[in-house]
1. What FRET efficiency do you get for THR37 and GLU77 if R0 is 25 Å and r is their Cβ-Cβ distance, rounded to the nearest 0.05?
2. Cut-off under 16 Å on the C-alpha distance; same-chain residues fewer than 8 positions from LYS121 excluded. Which lysines are left, in chain and number order?
3. Given the -39500 (n - 2.57) contribution per DSSP H run of 4+ residues, what per-residue ellipticity at 222 nm results for the chain, rounded to the nearest 500 deg cm²/dmol?
4. How large are Rg and Dmax for region 1-112 when calculated on the C-alpha trace, in angstrom?
5. Would you mind working out the accessible area per residue for region 165-210, using a 1.4 Å probe, and quoting it in Å²?
6. Using C-alpha positions alone, give me the convex hull volume of the chain per residue in cubic angstrom.
7. With a 1.4 Å probe and all protein chains left in place, how much accessible area per residue does region 70-159 have, in Å²?
8. Sorted by accessible area with a 1.4 angstrom probe, largest first, how do LYS17, LYS92, LYS220 fall?
Amino acid sequence: MPVSEQYKDLLIQGTRKELYRALELKVGDIASILRKTGFSCTQCGNCCRDHHGDNRVMLLQQDILRISEHTGLYATEFSLPFIPIEVENVLKGISDPSDMIPFTDSKGNIHSFGWMLRRKKNGDCIFLEAVGPSFRCSIYDHRPALCQTYPFFLEDCMLHISDCKGLGSDISYAGSLALSRLVLDRYICELKESILVYQHYEHFEPLGANVGFSLERFKKGHVFYIVHDSEGAHRRCERM
């Protein structure tokens, strides 16, 4: 959504304060909660599959560099602009076009904040492979930070837990410490990137009520994005 200069400064200040608090968090405290909760990945692949819920994976810049280096793929081959689920539903034709108004400018560009992994036509993650009755990630050792830490994440310096079949299983002390370190590192990286996104953000005026012009462009088979990330604003065109 468009952000005024005054509001942008407030967002930067607020995120910096959250970052300072995050840097004071202790891995051991997080690990203690993880051990009580219990967790072991069952390799069910549900978190990577579309029909089990929102499986969008937001990428950090370090994720993009690591995956590109490991796979030899260009970032454009495995990443997409990260858009709100409301906009995605409009593009799929299952939601009201008015939901897209706050994210679209007068030229018909959809504004996005960051990147996410591409998905197959069936909605599953592009790197998910079926192996017999189970699934595996083809870039497992180089998977994004969000995937490495699922189902745990930090927000407002509080640990949150997503739904997962692996919860409640035994986890070793060493395992809980290692996972907790990943969770905290991911959170700190996310906050640092958010600050850079706000600093580089270029304001845009939303489309307003006249969303028809933008939708006509989409019907021709192309979606034009302006992606605001930690390195600035980038233009991306995607075929529908």
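1. That gives a FRET efficiency of 0.10.
2. List returned: LYS92.
3. Working: 8 runs with 92 residues, N = 240.
After summing the helix terms and dividing by the residues of the chain, the value is -12000 deg cm²/dmol.
4. Using the Cα atoms of region 1-112, the pair Rg, Dmax is 18.9, 52 Å.
5. With the other protein chains kept in place, region 165-210 gives 54 Å² per residue.
6. 132 Å³
7. That works out to 49 Å² for each residue.
8. Values: LYS17 135, LYS92 115, LYS220 165 Å².
Per-residue accessible area, sorted high to low, gives LYS220, LYS17, LYS92.
The values are calculated or read from the model by the stated rules, or taken from the named source; none is laboratory data. The model shown is predicted, which means the values in this text are computed figures rather than measured ones. Positions of Cβ are generated from backbone atoms using ideal geometry, with glycine treated the same way; all protein chains shown enter the neighbour counts. Surface areas here come from the heavy atoms of the whole protein model, side chains and all, with no ligands, DNA or RNA. Shrake-Rupley method; radii C 1.70, N 1.55, O 1.52, S 1.80 Å.
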